[in-house]
Amino acid sequence: MDGFIELGRFLFEQLLNWKFYIVGAYPKGPLGGLALNIILAVITIFIGFFIAVLFGLGRTSARKYIHYPCSAYIDTVRSTPLLMILFWFYFLLPVAGFRLPVLWSAVVALSVYASAYMAEIVRAGFLAVPKGQMEAALSSGMSRLQALMNIILPQAFRMMIPSFVSFFNSHFKNTSVVYIVGIVELINSGIIISQRQPNRIFAVYIFMGLLFWIVCYTLSYFSRKLEKKLGILDYESYKPEIYREDLVLVPLPKAVKRLMVTQK
Amino acid sequence: MIKFAGVSKYFNNGARVLKDISLDINAGEVVVVCGPSGAGKSTLLKTINKLEHIDSGEIIVDGFSLQDSKTNLTMLRAEIGMVFQHFNLYPHKTAIQNIMLAPMKVKKLGKKEAREKAMSLLGRVGLSNKCDVFPSQLSGGEQQRVAIARSLAMEPKIMLFDEPTSSLDPELTSEVLDVMVSLAQSGMTMVVVTHEIGFACNVADRIVFMDNGEIVETGTPPDIFVNPQQERTREFMSRILHIPINNTPVEG
């Protein structure tokens, strides 16, 4: 019991360091802490989004010279750890002659990483729009680009929003990786504090966790509200042309029961 | 108006969807295409505005060859209206926006002009009171009428109907058919894939019976329904009319 009270006191004590956790050394030094995580996440999601639309749509192209490069980019990035991508841009770009400030190499790495994942979200959303929509638009004389801009993408983006929000959530947490190249974001702020107060290291890490939790939880709370609000699209009227009962999801107990019957 | 000359199409696995189709459709003619499912009716219809590519042969629409790379495809498509089995209305736009979109984007009509035109078209299909309603709030028959109005907004010379009533309840079917009948009477060139025998008998100038990707028989409605020459046609007709066809005459 005493231990818990002690821990509570230590955590409360960390509130005194709030400024360093939230903005780092900001007014006197560079911006850091939680604010830097949020800014990094927002900027890289924004840059990544535009790359993602290009590559995601490119991957759906029937033209092989567009399809294959886009697929290669997406799959390469997706099968590489974020840390690896960060090191590439941190160590390799200077070798290649680009002298980027450390923060910018982190921005580039995070954007590249985000773009590949979001490209897959874009692709999935694009493919989820019924094929008949494109046919209807084309048959009325619109060009492929006009159909894409006016008909397909507005519907696709609405379906992508929940996936984007959940990706933003995990991407925000991923930004903490940049501490490894010496950027003072939240994790690094915590490390610096724990070096000054070595006997409070436990409280410091719990406090950092709490900060991440508050931001992420708020975000997912609002995303759930947003999803309800956006649920105005109604695909009831689009009956699938081929209806196969075995492709429809059934509740797990029922599925197991069915499996048992077919086994006999 | 529409001319098929030896048109063939293959699927990737080598199966033939269309086998050496040759057909002439004149201006103002109403042609009904019928046949069992998988016969290639919808595919045939979609080749007319090049939603489906063909592998050999040639299709000439309104004097322009679809296989000629110089043909302006979007211009040609604007002259061909199409109505789908599943309506394919844009779910994020209201009924009137659905109708206004193509004239504004393709014909560069002003918003006010497009709106007036859309209103008069909605009146024509009997839905003036539903202009600001989203497709999901409309019944199937109403959706299909909006879809017809949407195609008419481009003032097409040809209208294609791909099983326009197959996904509708029998009661709702008639309201869509009424619109189609009045359209046919106004002299529109129409190609209709349908199994509505009543519509075919009353309105069609010609019936094309297809099976296995080829045209088995063409003729006037009485020819095809009452007096089919081919065994396959006779079999199919007796099945959809639920009567042995040679014994009972059908009004047509």
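The values are calculated or read from the model by the stated rules, or taken from the named source; none is laboratory data. Just so we're clear, the structure is a prediction, and the values are computed from it rather than from any experiment. Every residue, glycine as well, gets a Cβ built from its backbone with ideal geometry; the counts of neighbours run over all protein chains shown.
Tally time: how many residues in segment A:148-183 are surrounded by 19 or more Cβ atoms within 10 Å (Cβ to Cβ), within 12 Å of chain B (Cβ to nearest Cβ) and within 20 Å of the chain's Cα centre (by Cα)?
Going through segment A:148-183 one residue at a time, the tally reaches 1.
Of the residues A:154, A:162, which single one is in contact with an Asp or Glu (Cβ under 7 Å, 6 or more places away or on another chain), at pLDDT below 90 and part of a helix (DSSP H, G or I)?
Values: A:154 fails: in contact with an Asp or Glu (Cβ under 7 Å, 6 or more places away or on another chain).
Residue meeting the stated conditions: A:162.
Residues checked against (1) over 21 Å from the mean Cα position of the chain (by Cα); (2) more than 12 Å from chain A (Cβ to nearest Cβ); (3) in contact (Cβ under 8 Å) with a residue 40 or more places away in the chain:
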site: B:70; (1), (2), (3): yes, yes, no
site: B:76; (1), (2), (3): no, no, no
site: B:81; (1), (2), (3): no, no, yes
site: B:91; (1), (2), (3): yes, no, yes
site: B:99; (1), (2), (3): no, no, yes
site: B:112; (1), (2), (3): yes, yes, no
site: B:122; (1), (2), (3): no, yes, no
site: B:138; (1), (2), (3): yes, no, yes
site: B:143; (1), (2), (3): no, no, yes
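Please verify whether residue B:228 is within 21 Å of residue B:88 (Cα to Cα) and not in a strand (DSSP E or B), treating the condition exactly as stated.
no
If we only count helices (runs of 4 or more DSSP H) wholly inside segment A:1-114, which ones have 2 or more residues that are touching a His at 6+ places or on another chain (Cβ under 7 Å) and surrounded by 17 or more Cβ atoms within 10 Å (Cβ to Cβ)?
Of the helices (runs of 4 or more DSSP H) lying wholly inside segment A:1-114, those with at least 2 residues that are touching a His at 6+ places or on another chain (Cβ under 7 Å) and surrounded by 17 or more Cβ atoms within 10 Å (Cβ to Cβ) span A:33-59.
Go through (1) within 14 Å of chain B (Cβ to nearest Cβ); (2) free of Cβ contacts under 8 Å to residues at least 60 places away in the same chain and name the single condition residue A:130 misses.
Residue A:130 satisfies every listed condition except (2).
Look at residue A:145 and say whether it is within 14 Å of chain B (Cβ to nearest Cβ), more than 27 Å from the chain's Cα centre (by Cα) and in a helix (DSSP H, G or I).
Taking the combined requirement at face value, the residue satisfies it.
Those residues that are acidic (Asp, Glu) and either buried (at least 18 other Cβ atoms within 10 Å of the Cβ) or in contact (Cβ under 8 Å) with a residue 60 or more places away in the chain (or both), I need them from segment B:23-51; list them, please.
B:29, the sole residue that qualifies.
Return a yes/no flag: does segment B:6-13 have any residue that is within 14 Å of chain A (Cβ to nearest Cβ), in contact with a Lys or Arg (Cβ under 6 Å, 6 or more places away or on another chain) and more than 30 Å from residue B:133 (Cα to Cα). Steps first, answer last, please.
Step one: list which residues in segment B:6-13 are within 14 Å of chain A (Cβ to nearest Cβ), which gives B:12.
From what is left, the residues that are in contact with a Lys or Arg (Cβ under 6 Å, 6 or more places away or on another chain) are none.
Within segment B:6-13 (the criterion being within 14 Å of chain A (Cβ to nearest Cβ), in contact with a Lys or Arg (Cβ under 6 Å, 6 or more places away or on another chain) and more than 30 Å from residue B:133 (Cα to Cα)), the answer is no, since none of the residues qualifies.
Could you tell me whether any residue of segment B:214-223 is of a type in the set (A, V, I, L, M), in contact (Cβ under 8 Å) with a residue 12 or more places away in the chain, in contact with a Pro (Cβ under 6 Å, 6 or more places away or on another chain) and not in a loop (DSSP other than H, G, I, E, B)?
No, that holds for no residue.
Results for (1) at pLDDT 95 or above; (2) at negative phi, shown as yes or no for each residue.
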site	(1), (2)
A:19	no, yes
A:93	no, yes
A:97	no, no
A:105	no, yes
A:110	yes, yes
A:114	yes, yes
A:122	no, yes
A:134	no, yes
